[in-house]
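Input: a single structure, listed below in structure tokens.
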Amino acid sequence: MTTGPALIERSDSVSPAVDARLTRLLERTADRRRIHHVNLAMVGGDGDHWSGAAGSADSHGTPLRPDTPFFIASITKRFIITLVLQAHERGELHLDAPITTYLPAWVTDGLHVQRGQDHTAQITLRHLASHTSGLPDHFEKPRQGRSLFEELEAGNDRAWTFEDVVRMAKVDHRPHFAPQDLSAGRQKARYSDTGFQLLIRTVETVTGRTYAQLLAERIIAPLGLEHTWLPEQTEPLTTTSPPSALFAKDRSLDLPRMIASCNDLMSTTQDLLRFQRALLAGQPFEDPATVTLLTERANLLRDAFPLRYGLGTMTFKVGRLNAPGTRPMTLVGHSGSTGTWLFHCPELDLHLVGTIDQADGRTLPFRLMVRMLRAWAR
């Protein structure tokens with residue numbers, strides 16, 4: 001589809017050759033079939049930066065701009081794990097404590113039952129944060145009916161509560177495996193949004209603060225994230241334009257109840273880059289070394305090869321297998337199911353962020369990031 005000219009913000013420190021390659025990548029991506037728009041940005045450790053947007057922000061033709069906010073989907077897990085590690089530092093919770101220490105019996109009784117045995121008491125917060133608990137993902141296809149992913153792609157707006165998440169885990173889905181032995185050299189890992197909803201409820205319980213309050217008080221305000229907010233619960237710190245729309249191919253989706261139920265944030269590329277640079281520098285923590293817990297190990301995700309997972313952190317190896325002709329590099333961060341990404345490449349000290357705002361956009365960001373790395377480093 002034709003999107004019109006790209007809107008580009010240039011940095012004087014980016015060479016004309018790099019600018020030209022990234023602009024070409026942006027425009028070619030926006031011209032792909034069934035991609036309505038694309039918004040991406042990069043910043044190096046030396047401050048060199050580039051950002052650009054192409055396409056329409058919504059079905060009315062509003063131009064997408066580099067500062068247009070968007071639904072960040074599971075990038076939010078980086079914010080959630082930050083809250084968990086902050087609480088761990090403060091002694092409000094302990095990563096290796098069983099979830100039964102913090103959550104009431106109505107949540108934990110029968111939460112993880114496999115072959116007639118309830119394994120819930122073996123699940124720790126570290127299990128939840130590393131997707132090694134074996135708990136199902138409430139977005140997956142249930143025993144009967146359509147999955148929440150299918151509902152999203154169909155444009156069927158629906159709301160759910162934490163109580164619904166617990167019920168879905170106990171009734172509509174089955175555990176995938178027993179909670180893993182975290183002292184072993186490797187563990188089974190399978191992605192579970194349910195685990196992160198349990199982490200949210202845990203930090204709320206131990207702090208006596210709501211998730212929205214914790215985000216505002218411990219991350220958003222201290223880091224000056226002026227255009228980041230939790231839909232239907234908080235507002236941005238300053239005047240912010242409306243977020244770009246989600247699409248299912250070329251069809252615009254209006255899903256306010258579903259977006260609010262996900263507990264995921266709205267943000268901008270620049271706010272996300274600010275957050276990630278602060279996070280990797282250890283700024284949200286009392287001890288900057290706490291950030292190393294995010295990547296102390298990385299298990300292969302059984303349902304998302306070749307991604308590996310630490311604590312609220314994805315690792316993606318760029319090499320000859322998935323990117324022929326590219327020198328080996330690493331991407332560390334998180335992506336989201338709606339085609340969002342926020343990663344850091346340590347070999348280049350380069351941060352990458354963006355969105356294509358597609359309901360089924362899980363895979364394209366990784367191909368895009370490989371091309372972004374090539375365009376920057378060639």
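The values are calculated or read from the model by the stated rules, or taken from the named source; none is laboratory data. This one's a predicted model, so the numbers in the text were calculated from it and none came from an experiment. Backbone-built Cβ (ideal geometry, glycine too); neighbour counts: all protein chains shown.
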Q.
Among (1) more than 30 Å from Thr240 (Cβ to Cβ); (2) within 24 Å of the chain's Cα centre (by Cα), there is one condition Pro98 misses while meeting the rest; what is its number?
A. (2)
Q) Would you say Leu83 is at pLDDT 95 or above and assigned to a helix (DSSP H, G or I)? A) yes
Q. Between residues in the stretch 269-280 that are free of Cβ contacts under 8 Å to residues at least 60 places away in the same chain and residues that are part of a helix (DSSP H, G or I), which pairs lie under 6 Å by C-beta distance while being six or more apart or on different chains?
A. Ala278/Leu223
Q: Could you tell me whether the stretch 57-70 includes any residue that is of a type in the set (Phe, Trp, Tyr) and closer than 17 Å to Phe247 by Cα?
A: yes
Q) Quick one: in the stretch 182-200, which of the residues that are more than 18 Å from the chain's Cα centre (by Cα) and among the charged types (D, E, K, R) is nearest to Val165 (Cα to Cα)? A) Lys188
Q | Set Leu152, Leu135, Leu182: member being surrounded by 22 or more Cβ atoms within 10 Å (Cβ to Cβ), over 24 Å from Trp229 (Cα atoms) and either aliphatic (A, V, I, L, M) or in the same structural domain as Gly361 (by TED's automatic domain parsing) (or both) | A | Leu135
Q. Name the helices (runs of 4 or more DSSP H) wholly within the stretch 121-210 that hold at least 1 residues that are of a type in the set (Val, Ile, Thr)?
A. 162-167, 193-207
Q: Tell me which residues, restricted to the stretch 64-112, are within 20 Å of Ala129 (Cβ to Cβ), polar (S, T, N, Q), crowded, with 18+ Cβ neighbours inside 10 Å and out of contact with any helix residue (DSSP H, G or I) (no Cβ under 7 Å at 6 or more places or on another chain).
A: Ser74, Thr76
Q) Out of (1) touching a helix residue (DSSP H, G or I) at 6+ places or on another chain (Cβ under 9 Å); (2) more than 14 Å from Arg126 (Cα to Cα); (3) small (Gly, Ala, Ser), the odd one out for Gly185 is which? A) (1)
